[in-house]
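Chemist: Okay, handing you the structure first.
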Amino acid sequence: MSAGPFDVRRIAIEVARPLRVTVLRADMPGDPAIFAGDDEPETAHFGAFKADALVGVVTAMHHPRPGAGAEGWQLRGMATLPTVRGEGHGAALIRAAEAFVREHGGRIAWFNARRAAEGFYAHMGYTTVSEEFDVPGIGPHVVMEKQIAG
Ligand SMILES: CC(C)(COP(=O)(O)OP(=O)(O)OC[C@H]1O[C@@H](n2cnc3c(N)ncnc32)[C@H](O)[C@@H]1OP(=O)(O)O)[C@@H](O)C(=O)NCCC(=O)NCCS
C-alpha cells in the first residue's frame, strides 16, 4: 500500500514490535510491548518505510470503544523514530490504518492518546472524548476518536 509519496506497508507483528519497544517502552526496560489483540485475525500492523528502513508503526484492532458503538476500531502502538518526526510518516500511517478500517466496515477510529501526542491526533482530525487519565508507568492520556465513514 502506498500513501502518496510515503511507503506504508502491512507488516508482521514481529517486524513492528522492536520499533514499538524502542519508542513507546524506552523507559520500561523489559516490557515486550505485547498488546492484547496483536494476534487476532482482524488485526493489522502497518509499517512506514524510508529508503526501505522501517521508521514507524501503527496497529489497527477491531475493538469497539467501551460504552460506544460496535463499529469502533482501536489504533494502538503509534510510533515514529525521533530521527524522522515531522516528515509525514506518522500521518501516512494513520491514513493507512483508517483506510484499512473503512475497508473492513469500521466507522469510528479511537485510541488512548498520550497527552504529548494529542496535538498530532487533533491535526489528523481526532476529537478528545474523555477526561484525562493516568496509565501507570507511561503518564497522562485521553481517549480520542474520529468518524472515518458515514
Ligand atoms: C506522535 C508521533 C507518532 C507523530 O509522528 P510524526 O512522524 O512526527 O508525524 P508527522 O510528521 O506525520 O506529523 C503530521 C503533522 O502533525 C504535526 N505534529 C506532529 N507531532 C505533533 C504534536 N505532538 N503536536 C502537534 N502537532 C504535531 C506535524 O507537525 C505535522 O504537521 P504538518 O502536516 O502541518 O506538517 C511521534 O511524535 C511519536 O512517535 N511520538 C512518540 C510516541 C508517541 O507518543 N506515540 C503516540 C502514543 S499515543
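Chemist: Once the other residues with Cβ under 13 Å from the Cβ of Leu24 are scored (Lys, Arg +1; Asp, Glu -1), what is the net sum?
Modeler: On the way: positive: Arg17, Arg20, Arg25, Arg76, Arg114; negative: Asp27, Asp31.
Residues close to Leu24 contribute a combined charge of +3.
Chemist: Oh, and also: Take the Cα atoms of the range 42-92, build their convex hull, and give its volume per residue in Å³. Kindly include the intermediate steps, with their values, before the conclusion.
Modeler: Working: hull volume 4.4 nm³, N = 51.
Cα-based convex hull of the range 42-92, divided per residue, equals 86 Å³.
Chemist: Is the shape of the range 1-102 rounded, prolate or oblate, going by the alpha carbon gyration tensor and its root eigenvalues a ≥ b ≥ c, with a/c under 1.5 for rounded and a/b larger than b/c for prolate? All intermediate terms of the calculation are to be shown ahead of the outcome.
Modeler: On the way: a/c = 1.82, a/b = 1.18, b/c = 1.55.
Because a/c hits 1.5 or more and a/b fails to exceed b/c, the range 1-102 counts as oblate.
Chemist: Which net charge results when you count Lys and Arg as +1 and Asp and Glu as -1 among the other residues whose beta-carbon is under 13 Å from that of Ile13?
Modeler: On the way: positive: Arg10, Arg17, Arg20, Arg76; negative: Glu14, Asp38, Asp39, Glu40.
Charge balance near Ile13 sits at 0.
Chemist: Further, regarding this structure: Based on the alpha carbon coordinates of the range 1-46, what radius of gyration and maximum Cα-Cα distance (Dmax) apply, in Å?
Modeler: Expressed in Å, the Cα Rg and Dmax of the range 1-46 come to 12.4, 36.
Chemist: Output the peptides 91-101, 128-138 sorted from most to least packed, where packing is the average of other Cβ atoms within 10 Å over each peptide's residues.
Modeler: Going from most to least packed, we get 91-101, 128-138.
Chemist: Now for a different question. Taking only C-alpha pairs under 8 Å that are 6+ residues apart, what is the relative contact order of the chain in percent? Display every interim value, and only then the final one.
Modeler: On the way: 270 pairs, mean separation 28.3, N = 150.
Over the chain, the number comes to 19 percent.
Chemist: Count the net charge of all other residues whose Cβ sits under 12 Å from the Cβ of Ile34, scoring Lys and Arg as +1 and Asp and Glu as -1.
Modeler: Neighbour charge sum, excluding Ile34 itself: 0.
Just so you know, all these numbers are worked out from the coordinates, no wet-lab data involved. The model shown is predicted, which means the values in this text are computed figures rather than measured ones. In this analysis, Cβ positions are derived from the backbone assuming ideal geometry, glycine residues included, and neighbour counts consider all displayed protein chains.
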